[in-house]
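**Q** Before I ask anything, here is the structure I am working with.
The values are calculated or read from the model by the stated rules, or taken from the named source; none is laboratory data. Not measured: the values here are computed from a predicted model. Here the Cβ positions follow ideal geometry from the backbone for every residue, glycine too, while neighbour counts run over all protein chains shown.
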Amino acid sequence: MQVPTNISSPLAPPHLSQTTRLLEDRVQDLEALLVDHLTDGLSINGASISPLALPAAPTVSPTGGASGSYSYIVVATGVPGGFSPSAAGSTSSGPTTLSSSAYNTVSWTAVPNATGYIIYRSVGGTTQGKIAAVATGTVSLVDNGLAGDGTTAPSANTTGCFIGTVIEPPTQYTAAGALNPAAGYAYLNGSSAQAMTLIAPKAGAPSQGGMDGVALTVFDTVGKAHTIACPANKINGNKTTATFSGTAAANITLVALGGIWWVFGTQVGVTLS
């Protein structure tokens, strides 16, 4: 997997040079996190994002079989995203046509710390591709003719690191209202203290519509006691509000992981409650 390494801080007007330098330092910290070795494992405030083991090839047990050939791949999903695919499990004695009375039972061994499993049918059936996604704790699936979506299973283990474009935003100035998590950086330059809101991040990899790995750095450029409110306990798992001290250059960086905004490093001039 290609991990983005061309992260750069946004340009800022000359009077924000101090803020820009602080941003550059924080970007370097985040970049180091993003390109850390997959095999090392990482954690943010105790939330493990180590790579998953590869699943063993699944077992395929036909019922009402004949001489049909089928192959299945099980892909474990991890935090904060990514995929760990198995080798294909196959049978050459499956049903000629899958139905409620003629089907294949696909079973696999649980992968420690997996957040769920995606099952692909790569051979057999009227369609191929992803046929199901199941929660952790489920280790079998009955394929009685499930429709494939035409996609191909991942071929490499991409768990244990952030997926997709995490930070490459345009500069955004925010005076009030809702912060945009996708923007990456927000300068708070309102002439008075602002009460802002931040949505709860959606758990899951960006490739699946989630926000795991998205980072947001918020800087106060004018020195006001701004506040950022999230839904209950969505900051560090037990906090709801970030309050700025009223000192210019107060800042905080949050990284989305598992449906929670985690503080990355030590916030400066910002308290949590």
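**Q** Name every residue in the stretch 107-131 that is of a type in the set (A, V, I, L, M), surrounded by fewer than 19 Cβ atoms within 10 Å (Cβ to Cβ) and closer than 22 Å to T97 by Cβ, in order of residue number.
**A** Answer for the stretch 107-131, where residues must be of a type in the set (A, V, I, L, M), surrounded by fewer than 19 Cβ atoms within 10 Å (Cβ to Cβ) and closer than 22 Å to T97 by Cβ: just V123.
**Q** Report, by residue number, each residue of the stretch 119-164 that is in a strand (DSSP E or B), β-branched (V, I, T) and over 24 Å from S92 (Cβ atoms).
**A** Scanning the stretch 119-164 gives a single hit, V134.
**Q** Scan V75, V79 and give me the residue that is of a type in the set (A, V, I, L, M, F, W, C), outside any strand (DSSP E or B) and modelled with pLDDT under 95.
**A** Sole residue among the options that is of a type in the set (A, V, I, L, M, F, W, C), outside any strand (DSSP E or B) and modelled with pLDDT under 95: V79.
**Q** With a cut-off of at least 1 residues that are within 20 Å of the chain's Cα centre (by Cα), crowded, with 20+ Cβ neighbours inside 10 Å and small (G, A, S), name the strands (runs of 3 or more DSSP E) lying wholly within the stretch 206-253.
**A** Details: elements: 215-220, 227-229, 241-244.
The strands (runs of 3 or more DSSP E) meeting that bar are 215-220.
**Q** Moving on to the next point. Within the stretch 255-272, which residues are part of a strand (DSSP E or B), among the β-branched types (V, I, T) and either more than 13 Å from T240 (Cβ to Cβ) or modelled with pLDDT under 85 (or both)? Explain how you work it out, then say what you get.
**A** Applying the first criterion (part of a strand (DSSP E or B)) to the stretch 255-272 yields 255-257, 260-263, 268, 270-272.
Applying the additional criterion that residues be among the β-branched types (V, I, T) yields 255, 260, 263, 268, 270-271.
Within the stretch 255-272, V255, I260, V263, V268, V270 meet the criteria.
**Q** Report, by residue number, each residue of the stretch 139-160 that is within 22 Å of the chain's Cα centre (by Cα) and surrounded by 14 or more Cβ atoms within 10 Å (Cβ to Cβ).
**A** A153, P154, N157, T158, T159, G160
**Q** Which numbered condition in (1) modelled with pLDDT of 75 or more; (2) among the small types (G, A, S); (3) under 26 Å from G78 (Cα atoms) is the only one that A205 fails?
**A** (1)
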